[in-house]
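Here the structure comes first, spelled out in structure tokens, and everything after it is commentary.
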Amino acid sequence: MLYKVGLPGWRIAAKLGVPLGVNVEITHDPEANVFIATSPNLQGLVVETESFEDLLKEIQFCANDLLQDALHRQVQAYTKILVMDEVIA
């Protein structure tokens, strides 16, 4: 069971050891030729890379880092990737 970041009580659930889930939206900017990831429920998660594979790695790193800062403890986040617009995977 994953508890979604942003729902009421997500910080309490995390401190009790419940795994956290983070939704991530990805778009592709064809003009700049970059992939951009943001999260509607994890404030501050904004990642931009040239390759999709690098983007996935950076999302996981940044999500865990932001959650660790928010909770003042080590946590593991599971990211659910939602592909938006015209991303070609």
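The values are calculated or read from the model by the stated rules, or taken from the named source; none is laboratory data. Remember, it's a predicted structure, so these values are computed and weren't measured experimentally. Cβ coordinates were reconstructed from backbone atoms using ideal geometry, including for glycine residues, and neighbour counts include every protein chain displayed. Please note that ligands, DNA and RNA were not included when accessible areas were found on the heavy atoms of the full protein model with its side chains. Shrake-Rupley method; radii C 1.70, N 1.55, O 1.52, S 1.80 Å.
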Q) Counting only residues that are in a helix (DSSP H, G or I), modelled with pLDDT of 90 or more and surrounded by 12 or more Cβ atoms within 10 Å (Cβ to Cβ), which one in region 14-59 is nearest to the chain's Cα centre (by Cα)? A) Ile59
(Q) Among the residues in region 77-85, are any of a type in the set (D, E, K, R), at pLDDT below 90 and farther than 20 Å from Trp10 by Cα? (A) yes
Q. Out of region 2-13, which residues are assigned to a loop (DSSP other than H, G, I, E, B) and open to solvent by 80 Å² or more (accessible area, probe 1.4 Å)?
A. Leu2, Pro8
Q: Please work out which one of (1) more than 29 Å from Pro8 (Cα to Cα); (2) at pLDDT 90 or above; (3) exposed (fewer than 15 other Cβ atoms within 10 Å of the Cβ) is the condition Ala89 fails and give its number.
A: (2)
Q: Scan region 60-75 residue by residue and report those that are open to solvent by 30 Å² or more (accessible area, probe 1.4 Å) and not in a helix (DSSP H, G or I).
A: His72, Arg73, Gln74
